[in-house]
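A.B. asks: Dropping the structure in here first, questions after.
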Amino acid sequence: MAIITLTTDFGLKDHFVGAIKGTILSNLPEVDIVDISHAISPFNIQECSYILKNAYKSFPKGTVHIVGVDSELSPENQHMVVLVDGHFFVSSNNGVISLITSEVSPEKMVEINIPNTKLGSFPVLDVFVPVACHIARGGKLEVIGKSFDNLKELKEFEPRISNNGKSISGNVIYIDNYGNVITNIRRSLFEAYRNGRDYEVIARTNRLRKIHESYNGIINFDLDKPQRKGPGDALALFNSSGYVELAIYKSDLNSVGGASTLLGLNYRDTVTINFL
């Protein structure tokens, strides 16, 4: 059975998500529609890219992913389909596929060009849905577009190496539901420059001297509970996606706060790792 996923910044208050699903089902009654997220921050390409990168691999090959963020057509924001890692991404050429294609080369890319297509303020419904349904039926990409190779990348969010390889400066690319702060510093980059050296992670006035493998890695269970670190303490870890993440152990963003609020970190803020 065909699968179509939806990742958008539409939220759930308005009619947009319902209209998309209804139109898909009207065209393909047997399709499985899966919501990845409709809570992407408005027009936040980096956030969308991070969520999509970490979700798509869990789906079977051949899944069609509709990406409804910054989807309005313009000469600088073409509509496209990218086949990469066995998955089809129907999106705008706004850099949202960058985190995926930085690790896996695309197999095929086409710029969508369907004659007599309605071009209005809801291109996800008017363009992306018909294209996704065409692909889900087994249709060929050549029918709905022409080949292109001008895929945009999010160059501004690449970590920077400085101080003769002694420093890595990255940025906050995502803040999750717990207030945990994810940077764009990959574990592989950290290991490539560490060379066995001690290090410190610097985020504003906060300095952490260890990157853990799990959230409870900060707890020394050999100590009595009053002597241990625990809830409310800050930590750095390599998260399940392989990025350096800053967290507050057992935090609650809606009550006591999370790393984003307690450490004073926002989207795009700088996080630095210095090798000592």
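A.B. asks: Within segment 65-115, track down each residue that is surrounded by 20 or more Cβ atoms within 10 Å (Cβ to Cβ), in contact (Cβ under 8 Å) with a residue 40 or more places away in the chain, within 18 Å of Ser147 (Cα to Cα) and aliphatic (A, V, I, L, M).
C.D. replies: Met80, Val81, Val82, Val90, Ile97, Met109 - these are the residues of segment 65-115 that are surrounded by 20 or more Cβ atoms within 10 Å (Cβ to Cβ), in contact (Cβ under 8 Å) with a residue 40 or more places away in the chain, within 18 Å of Ser147 (Cα to Cα) and aliphatic (A, V, I, L, M).
A.B. asks: Would you call Leu125 touching a Lys or Arg at 6+ places or on another chain (Cβ under 6 Å) and closer than 15 Å to Thr5 by Cα?
C.D. replies: No: the conditions fail for Leu125.
A.B. asks: Would you point out which residue out of Ser91, Ser74 is at pLDDT 95 or above, polar (S, T, N, Q) and out of contact with any Leu (no Cβ under 8 Å at 6 or more places or on another chain)?
C.D. replies: Ser91
A.B. asks: For Phe128, which of the numbered conditions (1) loosely packed, with under 13 Cβ neighbours inside 10 Å; (2) modelled with pLDDT of 95 or more; (3) farther than 25 Å from Asp252 by Cα fails to hold?
C.D. replies: (1)
A.B. asks: Looking only at segment 201-227, count every residue that is loosely packed, with under 15 Cβ neighbours inside 10 Å and not in a helix (DSSP H, G or I) and tell me the total.
C.D. replies: 12
A.B. asks: Moving on to the next point. Does any residue of segment 172-179 turn out to be surrounded by fewer than 18 Cβ atoms within 10 Å (Cβ to Cβ) and either touching a residue at least 24 places away in the same chain (Cβ under 8 Å) or in a helix (DSSP H, G or I) (or both)?
C.D. replies: For segment 172-179, residues surrounded by fewer than 18 Cβ atoms within 10 Å (Cβ to Cβ) and either touching a residue at least 24 places away in the same chain (Cβ under 8 Å) or in a helix (DSSP H, G or I) (or both): present.
A.B. asks: Then there's this: Give the residue, chosen from Asn254, Asn184, that is surrounded by 15 or more Cβ atoms within 10 Å (Cβ to Cβ) and either at negative phi or of a type outside the set (A, V, I, L, M) (or both). Even if it seems obvious, please write down each step before you answer.
C.D. replies: Details: Asn254 fails: surrounded by 15 or more Cβ atoms within 10 Å (Cβ to Cβ).
Matching residue, one of Asn254, Asn184: Asn184.
A.B. asks: Of the residues that make up segment 237-245, is at least one among the aliphatic types (A, V, I, L, M), surrounded by 10 or more Cβ atoms within 10 Å (Cβ to Cβ), in a strand (DSSP E or B) and touching a residue at least 40 places away in the same chain (Cβ under 8 Å)?
C.D. replies: Within segment 237-245, one or more residues are among the aliphatic types (A, V, I, L, M), surrounded by 10 or more Cβ atoms within 10 Å (Cβ to Cβ), in a strand (DSSP E or B) and touching a residue at least 40 places away in the same chain (Cβ under 8 Å).
A.B. asks: Please enumerate the residues belonging to segment 150-162 that are free of Cβ contacts under 8 Å to residues at least 40 places away in the same chain, surrounded by fewer than 16 Cβ atoms within 10 Å (Cβ to Cβ) and assigned to a loop (DSSP other than H, G, I, E, B).
C.D. replies: If the condition is that a residue be free of Cβ contacts under 8 Å to residues at least 40 places away in the same chain, surrounded by fewer than 16 Cβ atoms within 10 Å (Cβ to Cβ) and assigned to a loop (DSSP other than H, G, I, E, B), then Glu158 is the only one that fits.
The values are calculated or read from the model by the stated rules, or taken from the named source; none is laboratory data. Only a predicted model underlies this, so the values are computations on that prediction, with no experimental measurement involved. Cβ atoms come from the backbone with ideal geometry, glycine included; neighbour counts cover every protein chain shown.
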